[in-house]
Each structure stands twice: as C-alpha cells, then as structure tokens.
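No value in this document is a laboratory result; all are computed from the given coordinates. Everything numeric in this text was worked out from a predicted model, so none of it was measured. Virtual Cβ from ideal backbone geometry, glycine too; neighbours counted across all protein chains shown.
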Amino acid sequence: MRAIDKGDTPNEDGENIEINEYGDARPYLIDRLGDYCSYCENQITNPAVEHILPKSISPNVETNWYNFLLACVNCNSIKGHSQLNLEDYYWPDIHNTYLLFEYHPLGVITLKDHLHNSVDKDIAQKTLELTGLNRYGEALTSDADRRWIKRSEAYGKAENALSFYTCNNRPNGYIQTITDLATSTGFWSVWIKIFENEIEVVDALTNSFKGTFNKFDNTDITRLEQ
Ligand SMILES: [Zn+2]
C-alpha cells in the first residue's frame, strides 16, 4: 500500500480552509494525493472523500482533515461504517504501509516476508482485510469488484515496461513514458515492485505519484528513520 504524505489542513491566504461539508476537502485531497484510492491504489476519475473513522459513528470528525483519505467505491463499501479502533490497523497517511504487502501477478497481495513480529503481522493482516485487498479471482469477488483485475493489468504493463527499459536500445526519455503510463494506470506499489532494482525509475515513479511518502525505503512501519 502506497504510504502517503497528506500534509496539514490546507491553507489559503494564511488561514486554514474552512471545511463545512466533507466534500469541501475533496479537491484539496486530490491535489495532494492524486486521483487514486488510498487503499487499493487504483486510478479513479472520481475518488470519494473517505472517512477513516466512519462519520456515522464519529460525527465529531466528519469534517476533520486528519480523518480523510480518498477511496474507490469497492474499498469504501467493504470497509463499511462499523466502529473501528485506529490502533488495530496501519494507515497509509500515518504509517509506512509500503512495508506491509507483497504484490504478485494476477492481482494477488500477501504480507511481506520480513514481517516477523506477530503484532505487525496481525495488524497488517487486518489492514489487508479491512478493504478486501486480499480478494482476487472470480470466485472471491463480485462482478462489481474489478480491483484485482486492474491490479493484475498494471502488473503486466509494468513487466512490459521493464523489459523495454532493460533492453539495449531503449529510446531516450523512456522513464517519462513509464511514469506517464504508471500514473494513468495507478498502483504505485506494483510499479515499484517491478522496478525495484532500477533506482532511477523508482525515484521518478515516487516523484510522479503526488503525495507519496518519499522515505518509504529507510523508515520503519511507524516512520521512524532506521
Ligand atoms: Zn480502492
């Protein structure tokens, strides 16, 4: 899961913006984070404002900037409106969620092997299940849930791009072609996995996806420097 830097409440003319209705925050969130679902990382035309703590249960944070992410319809509806404890999960705007999941072909996501600590593992697993990111394959998803298919397609596109990138006669400026394709497809995590040995491309991808937490490679899950 892409770790993100949402920043503090947006400021205009030296004053924090007024968020009277949560929808007021949407353009600012998209400006900071790009038009991606904060959980599944799909590129979506109209991401909705996602309340980390559901607004029906915690109306006091309905218009609180720090309670917002962006989400697609599938992640939003699977996460639902039940009471939840923030401490039971890792969150992309607070933790280094890059360290949690391994991305595989065919849209499969598993926990990363290096998660040895049973507490980390348990929280990572709950985070995976919170929005159904462990669902893939037609038997486990409905027709309406095409997130795993989009993830699988992104994986294929990234693999193709890598084989062009590593061939002897790649065109000048090919990194730009990769970042253009990646940002219009989404799934930063998938692209980083495929290009993990190509530092220049990893840097370009990270700079191209707005709001990516850029210390994902040298901090621990709590974002402390190692
Ligand atoms: Zn999603």
_Just the residues that are among the aliphatic types (A, V, I, L, M), within 30 Å of Asp143 (Cα to Cα) and buried (at least 17 other Cβ atoms within 10 Å of the Cβ), please, taken from segment 55-79._
Leu69, Leu70, Ala71, Ile78
*Among the residues of segment 216-225, is any more than 30 Å from Asp88 (Cβ to Cβ) and loosely packed, with under 14 Cβ neighbours inside 10 Å?*
no
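When the residues of segment 26-46 are narrowed to those that are in a helix (DSSP H, G or I) and within 16 Å of the ligand (Cβ to nearest atom), which ends up surrounded by the most Cβ atoms within 10 Å (Cβ to Cβ)?
Step one: of segment 26-46, the residues in a helix (DSSP H, G or I) are 26-33.
Going one step further and asking which of them are within 16 Å of the ligand (Cβ to nearest atom), we end up with 26, 29-30, 33.
Working: Arg26: 16, Leu29: 23, Ile30: 17, Leu33: 25.
Per the criteria, the residue is Leu33.
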_Every residue from segment 121-135 that is crowded, with 19+ Cβ neighbours inside 10 Å and either without any contact (Cβ under 8 Å) to a residue 12 or more places away in the chain or more than 12 Å from Ile78 (Cβ to Cβ) (or both)_ = Ile123, Ala124, Thr127
*Has segment 14-37 got at least one residue that is within 21 Å of Leu181 (Cβ to Cβ) and in contact with a Phe, Trp or Tyr (Cβ under 7 Å, 6 or more places away or on another chain)?*
yes
*Considering only segment 50-78, how many residues are within 17 Å of Ala25 (Cα to Cα) and either touching a Gly at 6+ places or on another chain (Cβ under 6 Å) or of a type in the set (Phe, Trp, Tyr) (or both)?*
3
*Give the residues of segment 13-25 that are surrounded by fewer than 12 Cβ atoms within 10 Å (Cβ to Cβ) and closer than 26 Å to Leu133 by Cβ, sorted by residue number.*
Gly23
_Scope segment 67-90; condition closer than 17 Å to Ile4 by Cα and free of Cβ contacts under 8 Å to residues at least 24 places away in the same chain; matching residues_ = Asn67
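Specify the residue that is farthest from the ligand (Cβ to nearest atom); the eligible residues are those in segment 15-25 that are of a type in the set (Asp, Glu) and not in a helix (DSSP H, G or I).
Top of the filtered list is Glu15.
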_Return the residues of segment 198-226 that are in contact with a helix residue (DSSP H, G or I) (Cβ under 9 Å, 6 or more places away or on another chain) and part of a loop (DSSP other than H, G, I, E, B); say none if nothing qualifies._
Glu198, Phe209, Lys210, Gly211, Phe213, Asn214, Phe216, Asp217, Asp220, Ile221
